[in-house]
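Enquirer: Dropping a structure here in structure tokens format, bear with me for questions.
The values are calculated or read from the model by the stated rules, or taken from the named source; none is laboratory data. All figures in this text were calculated on a predicted structure; none of them were measured in a lab. Every residue, glycine among them, receives a Cβ derived from its backbone with ideal geometry; neighbour counts consider all protein chains shown. For accessibility, only protein heavy atoms count, side chains too; no ligands or nucleic acids. Shrake-Rupley method; radii C 1.70, N 1.55, O 1.52, S 1.80 Å.
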Amino acid sequence: MLRSRPPGAELGGLALALGLALFAGCATTWDASIPPRTVRLVLAVDDAFRFHARWQDDLADAVRGASGVFERKAGIRFETLRVVSWAAPTPVGDGRALDHLLNTIPAADADVIVGVSGGCDHTHAGSARLFSRVALATTGCTPFLQKRTPTLEQLLTHELAHLFGAFHPAPGVRSTMRGADADVWDSQTLRVVRLMRNFDFVRGVDGVDEATREAYTRIYAEGHDPGDANGIAVARETTGGVSPTPAGRRRRGPGSSRRSRSIPAGTSRTRISGSGTRERSSPRRRRRSSGRPPSGHATTSRACV
């Protein structure tokens, strides 16, 4: 027997569903009444990427696509201030490339430096350090993987999300942070990027207040990839409490360490395999850190599209 619904029942159910989505960090779009934040980029491009005839159009399209995703999801847009040449090191995909970018490409009036290379370090297609101002995307792996390699837009979206503190969710979560399309964000990624929306790339983690750090740690503790440590804790330890200077060179402070010829802690690398894309962080930080859940802790994150 069919029962009629009281007036407004449908509206009430819709409001409840929207409320639950907002609570879980899965609101489909950013509130358009809040002005977007503009993050200014320097794109450092190597000769291997410039070799392609359409490199300028491809790069502009990828930045535009990533910017559109971030603006819809978190009210952040990206603006390219300039494109410069970069003599990328070999191999380009390891952690030294990020240091090379910081040490050779002046940030000046930009917030973030993004290296773009046509090379490939075995199966790694990108890397970034959480809460830093430098990221890397490489496209040279594409021909070897029969189109399973992520697009440049996916790579930029993924690596730029790392700069706002986004980590890799637990295995099995559908997310751009685990190789899904650029506009597929799990609820943890969405909440982290929105939480860190106004992150100061010059001050780094020193500019994050205690309440925000605690909120970040709570999201992280819901679940994450087993290889990912707490990004806040790693960033503070790696920089020794001192953030990069505006020129891009990092001053060393008490507790900082030298990691020449090794992958620095907190460096996330996009690994490509024959079955698709998966993520891996620096293996130097596999010990438990602040906010890390017990082994076997299940994630509550889900895809937000």
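Enquirer: Quote the FRET efficiency, to the nearest 0.05, computed for Val84 versus Arg194 with a Förster distance R0 of 45 Å and r equal to the Cβ-Cβ distance.
Expert: 0.90
Enquirer: Using alpha-carbon pairs under 8 Å, 6+ residues apart, how would you state the relative contact order of the stretch 28-77 in percent?
Expert: 65 percent.
Enquirer: Mind grabbing the accessible area of Phe164 for me, 1.4 Å probe, Å², rounded to tens?
Expert: For Phe164, solvent-accessible area is about 0 Å².
Enquirer: Taking only the C-alpha atoms, wrap a convex hull around the stretch 171-210 and report its volume per residue in Å³ as a whole number.
Expert: Here the figure is 98 Å³ per residue.
Enquirer: A further question follows. Evaluate the Kirkwood expression for the hydrodynamic radius of the stretch 60-210, namely the inverse of the mean inverse distance over all pairs of different C-alpha atoms, and round to one decimal in Å.
Expert: The answer is 15.7 Å.
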